[in-house]
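The values are calculated or read from the model by the stated rules, or taken from the named source; none is laboratory data. Values in this document were obtained by computation on a predicted structure and should not be read as measured data. Here the Cβ positions follow ideal geometry from the backbone for every residue, glycine too, while neighbour counts run over all protein chains shown. These area figures cover heavy atoms from the full protein model, side chains too; ligands, DNA and RNA do not enter into them. Shrake-Rupley method; radii C 1.70, N 1.55, O 1.52, S 1.80 Å.
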Amino acid sequence: MIREDVFAVEAWAVPERELHVDLLRQTESIFALSNGHIGLRGNLDEGEPSGIPGTYLNGFYEIRPLPRAEAAYGDPEAGQTMINVTNGKVLRLLVDDEPFDIRYGKVVRHERVLDLRDGVLRREVEWVSPAGQAVRVRSTRLVSFVQRAVAAVRFEIEPVGEPARIVVQSELVANEPVPEAEDDPRAAAALRAPLASQLHAHTELRAVLVHQARASKLQMAAGMDHVVEGPDGTVTAAESEPDLARVTASTELDTEQKLEITKFVAYGWSSRRSLPSLRDQVDAALAAAKRTGWDGLRRGQREYLDRFWEHADVELEGDPALQQSVRFAVFQVVQAAARAERRAIPAKGLTGRGYDGHSFWDMDTYTVPVLTYIAPEAAADALRWRHETMDLAEARARELGLAGVTFPWRTIRGQECSGYWPAGTAAFHVNADIADAVRRYLNATGDEEFAEGPGIELLVATARLWRALGHHDTEGGFRIDGVTGPDEYTALVNNNVFTNLMAARNMRAAADLAVRHPKRAAGLDVDQEEIASWRDAADAIVVPFDRELGVTAQSEAFTRYRQWDFEETRSDEYPLLLNHHYYALYSSQVVKQADLVLALYACGDCFDAEQKARDFDYYERITVRDSSLSAAMQAIVAAEVGHLDLAYDYLSETAFIDLRDLAFNTKDGLHLASLSGSWLAAVAGFGGMRDYGEGLEFAPRLPSRLTRMSFRLLYRGRRLRVEVRPGEATYELLDGEPLEVKHHGDALTLGADSPEPRPVPPPLRRPRPEQPPGRSPPRRHSEA
């Protein structure tokens, strides 16, 4: 874990006041910069020491073997993994011939700051070489939100006390060694030096390297250019070879002088375009960046984020550290998606190679819903990526003997990359998750062009899957059997409630959109009989219920499974999947992550308030949160049923997941879904926001620790602000036409320049539910 004092608490920044070499792997993830297209881990400028070097391009991958003991029909034959591409961050420094390396000499001062408003990573170091020469080094790094292919670094060196000879080597480095954590030596071998050189060239202060991934055959180009400002006598040179390009600047500095280097880096990749095309693309991006200049890039970055925060900020008063962590979370969400532009959003964003850089269902269930309200263009791009992989999803459905589409459980390009089908292919709910993201996006934006294009095609294809996958039983119920829901400790079940309710909503949404757009529907061969079949199936969907216990069963007979012995389960046995066989997990009442509780939020219009409270209490006692996806959903439902301080504890857990390294794997990249969940827990939890299709509803209430919360969002061309204080909520329309919303069930109409205050009713007081022994969230709220 990361101690609370590692990062200073600031409202709009994440400062590290001293270097923690033992935490380099974690801070490289936390200080990563991205725009959704390019990702740079927060490695030190000089390249060493490093925990895990990382430079990533969204969608650029290598093919790797999938280890399995026995082959079976339908198993994927190969996997895809995001690889570390050409590193353009490196700026090596020599001081009087001594390499600048914080492991040697003396570090007098070292500070790094991730600025959430400027969108940059700043670093300042005072270092004394082993020979006694002191220097001050400053760097500022950015990945541009405005110029998608561009990253840049401003690097400054000045001597302290005595003049110094200075040499800076700015590099592009391909195939740099990275830690091999593969259990399968075949996979490790496939990823060792995965890039084959195609071209290297240099001229003046510019250089370019072009490589091809050896197995996937994807091509990428990286280029760099520089502006060097130093005293008279400063000399520069350039060189290149297959895996290295270098621009060197050498000078002598008096104590009042400094050397200032601006490094522009550009990337491009393609599966189709030629080598000359990629080279020219990178050259053009460098020319544009150099014309804009460092100050212009910085200004564009700040202006982009100023506009973003105007409709995305969440303010929390009463807990400064939580405020910082929630803003950090929202910043990471926009970094992961802003310029992805029809690429997937990986589970780790572009901050690390965890999960091989794959995207999962949580993109559609956690991240895209947040983007829908704070960056709708990015949400649309993510959904368009799903649409553009429909041919692969259709082929997968045919392979499985099904109609419509079967989207992959985990992927980069669109092919299924999960080698374990009970928790992969069987988790068909991913298809309804995608459909629900489409439904929500259409409701929130009114984007008719999307509705008539990708929207209706995605909804129709997924509805056809459910009609083929399920069947009407002898009692008329529509069953979906042999599937796995979000809880990966309960696989291959019949009538998982989350899956069934989401499938029903999927079929209703497809039917409604087909009726609204009959010509487009006819072009997809949708007729009235098929529309009626979707509605019949949705109306007859089976929802298991245990009448004796008075609770909704997560799946058929789940509440009759054996009880897990939590009292005898030691703390070091978690996560359970690492210490217990799947048979024991699959046959017991133990929940890895919110499943039925997720249904209480996502499909909350299918449950009344008392049922939600009973169900939440039941599943709290058996949910162990062995997944970082769980706490956010538990926070939302806890807040709805009146457990506000418990919800606050869960919000804190999901918000601090990476700044405190609560899951012990931040080194592999940030937990993007959990960070998205921070926004959801605040806005859908304490703001009580729901959007089931008829309009926005709010039911805000604050926990005891917070004195005020406000949040902003975009909805149907409007910009809204909601402020919540103890006992009162105020709704304000900042931009757009009047809008009707609901506050705790009562309708109100928002008009321009007319804030609408409303009283907040107190929650029903209920006993705090129990969690499994040792699995309660850390209590952050003040005890009553």
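Calculate, for the range 543-683, the solvent-accessible area per residue in square angstrom, rolling a 1.4 angstrom probe over the heavy atoms of the protein chains.
It amounts to 33 Å² per residue over the range 543-683.
Loop sites only, by DSSP: take the chymotrypsin sites (Phe, Trp or Tyr not before Pro) in the chain that have at most 10 other C-beta atoms within 10 Å and name the longest stretch containing none of them.
Within the chain, the longest run free of exposed chymotrypsin sites (Phe, Trp or Tyr not before Pro) spans 74-663.
Could you state the number of Å between the C-alpha centres of the range 635-649 and the range 126-141?
Cα centres, the range 126-141 to the range 635-649: 49 Å.
I'd like to check one number: the per residue accessible area of the range 113-270, probe 1.4 Å, reported in Å² as a whole number.
Per-residue accessible area for the range 113-270 comes out at 38 Å².
Show me the helices of the chain, taken as full DSSP H stretches, that run 15 Å or more along their long axis by Cα and average 1.6 or above in Kyte-Doolittle hydropathy.
Counting only whole DSSP H runs, no helix qualifies.
Against the 2.2 N^0.38 Å scaling, with N counting residues, where does the chain land? I'd like the Cα-based Rg ratio to two decimal places.
Its radius of gyration relative to the 2.2 N^0.38 Å reference: 0.97.
How much of the accessible area of the range 108-224, probe 1.4 Å, is carbon plus sulfur, in whole percent?
Solvent-exposed carbon and sulfur of the range 108-224 make up 48 percent of the total.
Can you give the net charge of the other residues whose Cβ lies under 12 Å from the Cβ of R302, counting K and R as +1 and D and E as -1?
Taking every Cβ under 12 Å from that of R302, the sum is -1.
With contacts defined as alpha carbon pairs under 8 Å and 6 or more residues apart, what's the relative contact order of the range 26-70 in percent?
Rounded, it is 30 percent for the range 26-70.
Quick one: what are the phi-derived ³J(HN,Hα) couplings along the range 115-126, Karplus 6.51/-1.76/1.60 with θ = phi - 60°, whole Hz, x for glycine and proline?
9, 7, 9, 7, x, 9, 10, 9, 9, 9, 9, 10
With a 1.4 Å probe and all protein chains left in place, how much of the accessible area of the range 637-784 comes from carbon and sulfur atoms, in whole percent?
Ligands and nucleic acids excluded, carbon and sulfur give 47 percent.
I need the Debye-formula profile for the range 376-455: one equal scatterer per C-alpha, no solvent, reported as log10 I(q)/I(0) at q = 0.11, 0.13, 0.17 1/Å, two decimals.
These q points yield log10 I(q)/I(0) values of -0.30, -0.41, -0.68.
Of all the accessible heavy-atom surface of the range 1-94, with the other protein chains kept in place and a 1.4 Å probe, what percent is carbon and sulfur?
49 percent
To the nearest 20 Debye, how big is the dipole of the range 318-378 about its Cα centre, given +1 on the beta carbon of each Lys and Arg and -1 on that of each Asp and Glu?
Roughly 200 debye, rounded to the nearest 20.
If one computes the Cα centroid of the range 258-295 and of the range 11-68, what distance in Å separates the two points?
Using only Cα atoms, the two centres lie 21 Å from each other.
Amide H neighbours of T623 under 5 Å, counting only residues 5+ apart in sequence or on other chains, H built in-plane at 1.01 Å?
Under 5 Å from the amide H of T623 lie the amide H atoms of V591, each far enough along the sequence or on another chain.
Distance between the C-alpha centers of the range 485-505 and the range 404-428? Whole Å please.
A separation of 15 Å, based on Cα centres.
What accessible area per residue, rounded to a whole number of Å², is obtained for the range 449-521 using a probe radius of 1.4 Å?
On a per-residue basis, the range 449-521 sits at 31 Å².
With Cβ to Cβ distances under 13 Å as the rule, what net charge do the other residues near P369 carry (K, R +1; D, E -1)?
Cβ neighbours under 13 Å give a net charge of -2.
Note down the Stokes-Einstein diffusion coefficient of the range 463-584 in µm²/s, whole number, using a Kirkwood radius over alpha carbon pairs, 4 °C, and 1.567 mPa s.
The diffusion coefficient I find is 78 µm²/s.
Please report the relative contact order for the chain, taking Cα pairs under 8 Å with a sequence separation of at least 6, and give it as a percent rounded to a whole number.
Taking the mean separation of contacting Cα pairs over the length of the chain, I get 12 percent.
Would you be so kind as to identify which of V368, N175, V208 lies farthest towards the positive end of the dipole of the chain, taking Lys and Arg as +1 and Asp and Glu as -1 on Cβ and the Cα centre as origin?
V208
Which net charge results when you count Lys and Arg as +1 and Asp and Glu as -1 among the other residues whose beta-carbon is under 9 Å from that of P575?
-1
Compute the orientation-averaged projected area for the range 69-203 from the convex hull of its Cα atoms and round it to one decimal in nm².
For the range 69-203, the mean projected area of the Cα convex hull comes to 13.6 nm².
Give me the dipole magnitude in Debye, nearest 20, for the range 387-505 about the Cα centre, with unit charges on the beta carbon: positive for Lys and Arg, negative for Asp and Glu.
Dipole magnitude for the range 387-505 comes out near 220 debye.
What fraction of the DSSP beta bridges in the chain is antiparallel, stated in percent and rounded to the nearest 5?
95 percent
Once you wrap a convex hull around the alpha carbon atoms of the range 655-767, what is its projected area averaged over all directions, in nm²?
Result: 9.0 nm².
Run the helix sum for the chain: -39,500 (n - 2.57) per DSSP H stretch of 4+ residues, divided by residue count, reported at 222 nm to the nearest 500 deg cm²/dmol.
Only helices count here, giving -9000 deg cm²/dmol.
May I ask you to derive the relative contact order of the range 374-515, considering only C-alpha pairs under 8 Å and at least 6 residues apart, and to give it as an integer percent?
This gives 24 percent for the range 374-515.
Taking DSSP loops as anything outside H, G, I, E and B, show the longest stretch in the chain free of GluC sites (Glu not before Pro) there with at most 12 other beta carbons within 10 Å.
Value returned for the longest uninterrupted segment is 257-474.
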